[in-house]
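Participant: Sharing a structure, written as structure tokens. Questions coming.
The values are calculated or read from the model by the stated rules, or taken from the named source; none is laboratory data. Predicted model only: the values in this text are computed from it and were never measured. A quick note on method: Cβ atoms are made from the backbone with ideal geometry, for glycine too, and the neighbour counts reach across all protein chains shown.
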Amino acid sequence: MPDNVGAQWNAGETLEDAKRHLLSPSEEMAKLGKATRPLIAYGEGIHVVDAHGRRIIDGPAGMWCTQIGYGRREIADAVSAQSLKLSYNSPWYTTNSPSIELARRIAEVTPGDLNRVFFTTGGSTAVDSALRFTEFYNNVLGRPEKKHIIVRREGYHGSTSLTAACSGRAFNWQNFDIASPRITFISAPNIRLAPGLTEAQFLDKLVREFEDTVGTIGPDKVAAFLAEPLLASGGVIIPPKGYHARIKAICEKHDIIYISDEVVTAFGRCGEWFASEKVFGVVPDIITFAKGVTSGYVPLGGFAISERLLDKVAGENAKGSYYSNGYTYSSHPVSCAAALANMDVIERDGILQHVRDVSGHFADALRSLRDLPHVADIRVAGLVGCVECLVDTASPEVTDRDKKLGGRIDTHCFDLGLLVRPLGNVCVLSPPLVITKSQIDEMIAILRQGILKAAAELKQPAEA
């Protein structure tokens, strides 16, 4: 137990304070003030420990982000040292050495000519800033009509007004005014919802849909295509092989900026610093990142951008313009110092290779659950995977009963010592990248028990 978690900490009082004062993300308003979420006291390696001292495997790695695990002294020391040296500087008229060094380090591992880095406060602001760049870019080029954005259903890109409007998960739209006339959705690349098609046929269908969508809107009006390499919060939806490269070729034909949203997949999740090129076969014009850049220790996000794009609106082509988008905490020195320490640990400990070494075992372990009742699909890439459960596996439609089944599985797993990312009927696992094969086996064994317990409850007459 860390030194700062001791007897003076009263869990009961803390939980009561949470009920009285805390408004959490995705708060169920009917329960506001009456209930609160499980209280986590501290983390250690791949585990978190709750207020009762129970050790729980952190299956989602926080929110897809605790790459190197909890309790790493290297990050704490880097944060402490930088806080004492320079805790803040205004990015509007000064700069700091950690942000400069981090930009260089990131540029060394990005694909293509994505050699310049803009820092933000997290994933939502990273994607928002990248999209705002496309507005700036086309305005400077004298193309004010070229502002349309194409995104996918079931994608998730953030919680600013613009990024929320680009997120195709229906749940995120409830009771918010999100719709935007300059954003168009195309199909999620989920082959489970395309029965009867081969992967090649499904890929052709998706590409035709994109091409037709561009044609309908007008190539002179489409500014950007925004896509996660795999749709993470949409349920770990993995496109057919070659999807991104074929979409990128259409984007190049029509001068459409291809933005790869790697907030989840960057910094090792798929065994590479960035997954776009080496895992998914595409070199984007812009890559957004956050989460794993600091392993979740402190907030930081940003995007890396192509020199080719910048050259068109910089120097003699600038036309007096300023890319005036930014934040009080852009290039924050403490966050950048944490990210540098995080990259050091990933390199020193060979974590990218470790992910490549264990990801096959992780995939096999997940797929071993195919024999269980109500398991409809299993999807996995690197160290992110999911088990999709349906009451009736023959039906592709997701019902409220399916979502309740997923909720039961989550609850049983938590009681058994495993956090599972709750996404309706989809059980998502994306553990810290330092997880071992034996820990993977333990995690999957708990998930198996959770699914079996929930399945047994469905057989009870009251639940029929």
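Participant: Listed residues Leu340, Leu372; which is outside the structural domain of Phe274 (by TED's automatic domain parsing), at pLDDT 95 or above and farther than 15 Å from Arg269 by Cβ?
Facilitator: So the residue among Leu340, Leu372 that is outside the structural domain of Phe274 (by TED's automatic domain parsing), at pLDDT 95 or above and farther than 15 Å from Arg269 by Cβ is Leu372.
Participant: Of the conditions (1) touching a Pro at 6+ places or on another chain (Cβ under 8 Å); (2) surrounded by 22 or more Cβ atoms within 10 Å (Cβ to Cβ), Ile257 clears all except one; give me its number.
Facilitator: Every listed condition holds for Ile257 apart from (1).
Participant: May I ask you to verify whether Ser99 is surrounded by fewer than 16 Cβ atoms within 10 Å (Cβ to Cβ) and among the hydroxyl-bearing types (Ser, Thr, Tyr)?
Facilitator: no
Participant: For the range 216-319, give me every one of the helices (runs of 4 or more DSSP H) that falls completely inside it and has 3 or more residues that are over 24 Å from Phe362 (Cα atoms).
Facilitator: Answer list for the range 216-319: 243-253, 307-311.
Yes/no per residue for (1) polar (S, T, N, Q); (2) in contact (Cβ under 8 Å) with a residue 24 or more places away in the chain:
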{"residue": "Gly296", "(1), (2)": "no, yes"}
{"residue": "Pro299", "(1), (2)": "no, yes"}
{"residue": "Tyr322", "(1), (2)": "no, no"}
{"residue": "Pro333", "(1), (2)": "no, yes"}
{"residue": "Ala337", "(1), (2)": "no, yes"}
{"residue": "Glu347", "(1), (2)": "no, no"}
{"residue": "Arg356", "(1), (2)": "no, yes"}
{"residue": "Phe362", "(1), (2)": "no, yes"}
{"residue": "Ser368", "(1), (2)": "yes, yes"}
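Participant: Let me spell it out: the conditions are (1) touching a residue at least 60 places away in the same chain (Cβ under 8 Å); (2) touching a Gly at 6+ places or on another chain (Cβ under 7 Å), and Leu416 meets all of them except one. Which number is the exception?
Facilitator: Leu416 satisfies every listed condition except (1).
Participant: Could you look through the range 151-163, keep only residues that are crowded, with 17+ Cβ neighbours inside 10 Å and out of contact with any helix residue (DSSP H, G or I) (no Cβ under 6 Å at 6 or more places or on another chain), and pick out the one that is farthest from Leu423 (Cα to Cα)?
Facilitator: Checked the range 151-163; the qualifying residue farthest from Leu423 (Cα to Cα) is Val151.
Participant: Look at Gly168 and say whether it is farther than 26 Å from Glu307 by Cβ and in contact (Cβ under 8 Å) with a residue 40 or more places away in the chain.
Facilitator: Here the answer is yes, as Gly168 does meet what is asked.
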